[in-house]
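To start, the structure under review is shown below, and the notes come after it.
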Amino acid sequence: MKLRHATLTGWGLYVPERVVTNDDFARMIDTSDEWIRARSGIRERRFVADDETTATLSTAAARAALAKAGLEAADLDLIIVATSSPDYPTPPVSSQVQHALGARCGAFQQTVGCAGFLYGLITAQQFIATGVCDTVLVVGAELISRWLNFEDRATCVLFGDGAGAVVLQASDEAGVGVQGFVLGSDGSGAEHIIVPSGGVARPPTQETLEDGLNFIHMNGREVFKFATRILVESLQEALDEAGLTMDDIDLFIPHQANARIIEYAAKKAELPMEKVVMNVDRYGNTSAASIPLALAEVLDAGRARPGDTLALVAFGAGLTWAACIFRLGQNVPVGAESAIAAETAA
Ligand code: UT7
């Protein structure tokens, strides 16, 4: 079977209006702007308004991505929404997004922690490569703020809410899209990032609520060790798959969990910081939304250019990881002009 190429034709992001600074946290809990910046690189993050949910965040980002691609919802053959924080345990948020957009295609949600968006991107590429779909929307969206325990200062200062989305389309252009990828999982580290109650293993009771088990729990030190190792290892594996080297990377877009993790990985991989994308200072860790948010920003800013080779790498709950070498097409409409077009359409 002849496999087809899948090229990026649209992207969009949505972040809530409300900015929560480190000083806002310092007024609530025993922490400081200095500690948070030194340990994580985060200065501020966005938290949703009361009437926002993961479905509304996803839909806003999806609309922007469709507008950028010059497509209608009716053009979509498949919708994938990656999130760990869906509106409900069931139904899947992907169907709310499909309905809100007015699309008539299949839609599914996948939960793979912070690696969820890249798992979604790879899945979308498979559907296009095999000829099953021509046009696929992939959303990464999270609303973690309602899962934060504001008595757990080591975790609550790190996360933020937001959504990013991309449109992938079949293309005749040679050498575009996914060049190589790696998907990984190690369930032995499950307890390191977990919301212990809310699923069927521990349904919520008065006791689980009193113990705060409905909030996200993270063993920061363990995740830090895992993250610094897996970022570089999986990046190298994906490059090997693609038959490329570190020198071929134009932009490295890692999961935005912690500036120290990213800087460490860049140094180990000998990637100059000009090639490294970081926005964790402004959004914190937005889990499955972090890579599409960063990707949309560099495309809007014209920092990513047609023909560029992007290295996307994520890690998180599961534990899981994913790395993908992705080449932009020659016609990708980067830069301010396309950003203005999307704003007008939104
Ligand atoms: O997308 C999911 C992936 N998640 C991650 O990548 C998270 C990975 N881990 C991390 O980013 C880091 O481990 C953290 C930022 C979570 C923590 O940084 P750390 O350098 O590992 O700090 P630590 O946990 O070793 O804590 C150092 C000290 C402790 O005090 P003692 O025991 O040394 O007296 C903490 O109690 O810092 C204290 N601390 C705080 N102090 C002020 C913890 N949180 C805070 C806080 N403000 N918010």
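Any chance region 5-18 includes a residue that's over 30 Å from D172 (Cβ atoms), in a strand (DSSP E or B) and within 16 Å of the ligand (Cβ to nearest atom)? Don't jump to the end; show me each part of the working.
We begin by selecting, within region 5-18, every residue over 30 Å from D172 (Cβ atoms); these are 14-18.
Next, from what is left, pick out any that are in a strand (DSSP E or B): 14, 18.
Applying the additional criterion that residues be within 16 Å of the ligand (Cβ to nearest atom) yields none.
No, that holds for no residue.
Name the residues in region 158-177 that are among the aliphatic types (A, V, I, L, M), more than 12 Å from the chain's Cα centre (by Cα) and crowded, with 24+ Cβ neighbours inside 10 Å, would you? Spell out the reasoning first.
So the first thing to find is which residues in region 158-177 are among the aliphatic types (A, V, I, L, M), and the list is 158, 163, 165-168, 170, 174, 176.
Retained after the next criterion (residues that are more than 12 Å from the chain's Cα centre (by Cα)): 158, 167-168, 170, 174, 176.
Scanning region 158-177 gives V167, L168.
Kindly indicate whether T228 is touching a Gly at 6+ places or on another chain (Cβ under 7 Å) and either among the aromatic types (F, W, Y) or farther than 15 Å from I325 by Cβ (or both). Walk me through how you get there before you give the answer.
Numbers: touching a Gly at 6+ places or on another chain (Cβ under 7 Å): no; either among the aromatic types (F, W, Y) or farther than 15 Å from I325 by Cβ (or both): yes.
Criteria not met by T228.
So Q98 passes all but one of these: (1) surrounded by fewer than 17 Cβ atoms within 10 Å (Cβ to Cβ); (2) over 30 Å from G187 (Cα atoms). Which condition number does it fail?
(1)
Which pairs do you get when a residue that is free of Cβ contacts under 8 Å to residues at least 24 places away in the same chain, found in region 183-201, comes within reach of a residue that is loosely packed, with under 11 Cβ neighbours inside 10 Å, reach meaning Cβ atoms under 9 angstrom, with the pair 6+ apart or on two chains?
Between residues of region 183-201 that are free of Cβ contacts under 8 Å to residues at least 24 places away in the same chain and residues that are loosely packed, with under 11 Cβ neighbours inside 10 Å, the close pairs are S197/P203; V200/P89.
A61 fails exactly one of the following numbered conditions: (1) closer than 18 Å to A154 by Cβ; (2) in a helix (DSSP H, G or I); (3) under 17 Å from the mean Cα position of the chain (by Cα). What is the number of that condition?
Just one mismatch for A61, condition (1).
No lab work stands behind these numbers, since they all come straight from the coordinates. Every value quoted in this text rests on a predicted model; they were computed, and no experiment measured them. Note that each Cβ is placed from the backbone with ideal geometry, even for glycine, and that neighbours are counted across all protein chains shown.
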